[in-house]
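Participant: Structure in structure tokens, see below.
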Amino acid sequence: VDDLTILLESPLRFAGALLFVGILMPWSEELLFRGVIYGWMRERFGVGAGAVLSAFVFSLPHLYPEVLVPVFILGIGFALIYEWTGTLWASFAVHAAHNTLHLVWLYLSLHHGAPAFDFV
């Protein structure tokens, strides 16, 4: 969160953060973690183990120990959304909505007095 506050100091930076964190990052992560890694693991280990293993790999680059478990759970959810719908667009849409909501709430808490609680 502290790293994100720099991106949220002004409306222009907020717009850039929305583009990067709300769209570009989720799309690239879905391509890699669901499209490539989950797909590979699903073929070798099945849906359940593939979802869990790819979620574990997905959680590692998020770096902050306090978010590893929530990001791991999100990774399982994103893999299952992809599995159930058969398209990366669905997991991307949920991922992008999650990141965007996170950024909007953080921006509102910093600039407009919204309650300052954090969610992954």
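The values are calculated or read from the model by the stated rules, or taken from the named source; none is laboratory data. Quantities reported herein were computed from a predicted structural model and do not represent experimental measurements. Cβ atoms come from the backbone with ideal geometry, glycine included; neighbour counts cover every protein chain shown. When the accessible area is computed, the model is the full protein with side chains, heavy atoms only, and any ligands, DNA or RNA have been set aside. Shrake-Rupley method; radii C 1.70, N 1.55, O 1.52, S 1.80 Å.
Participant: Select, from 59, 28, 91, the only residue that is free of Cβ contacts under 8 Å to residues at least 24 places away in the same chain, farther than 24 Å from residue 9 by Cα and within 10 Å of the chain's Cα centre (by Cα).
Facilitator: Only one candidate qualifies: 59.
Participant: Kindly list the number of the only condition in (1) under 15 Å from the mean Cα position of the chain (by Cα); (2) more than 23 Å from residue 18 (Cα to Cα) that fails for residue 101.
Facilitator: Unmet for residue 101, out of (1) under 15 Å from the mean Cα position of the chain (by Cα); (2) more than 23 Å from residue 18 (Cα to Cα): (2).
Participant: Same structure, new question: Give the residues of the stretch 12-47 that are of a type in the set (S, T, N, Q) and either more than 20 Å from residue 97 (Cβ to Cβ) or not in a helix (DSSP H, G or I) (or both), sorted by residue number.
Facilitator: If the condition is that a residue be of a type in the set (S, T, N, Q) and either more than 20 Å from residue 97 (Cβ to Cβ) or not in a helix (DSSP H, G or I) (or both), then no residue fits.
Participant: Kindly check whether there is at least one residue in the stretch 101-109 that is open to solvent by less than 30 Å² (accessible area, probe 1.4 Å) and among the hydroxyl-bearing types (Ser, Thr, Tyr).
Facilitator: Scanning the stretch 101-109 turns up at least one residue that is open to solvent by less than 30 Å² (accessible area, probe 1.4 Å) and among the hydroxyl-bearing types (Ser, Thr, Tyr).
Participant: Going through the stretch 48-67 one residue at a time, which ones are assigned to a helix (DSSP H, G or I) and either open to solvent by 60 Å² or more (accessible area, probe 1.4 Å) or of a type in the set (S, T, N, Q) (or both)?
Facilitator: Selection gives 52, 53, 54, 56, 59, 60, 61, 65, 66.
Participant: Another one. Could you grab me the full set of residues in the stretch 64-84 that are among the hydroxyl-bearing types (Ser, Thr, Tyr) and at pLDDT below 95?
Facilitator: Of everything in the stretch 64-84, just one residue is among the hydroxyl-bearing types (Ser, Thr, Tyr) and at pLDDT below 95, namely 64.
Participant: Looking at residue 9, is it acidic (Asp, Glu) and either surrounded by 15 or more Cβ atoms within 10 Å (Cβ to Cβ) or assigned to a helix (DSSP H, G or I) (or both)?
Facilitator: Against the criterion (acidic (Asp, Glu) and either surrounded by 15 or more Cβ atoms within 10 Å (Cβ to Cβ) or assigned to a helix (DSSP H, G or I) (or both)), residue 9 does not qualify.
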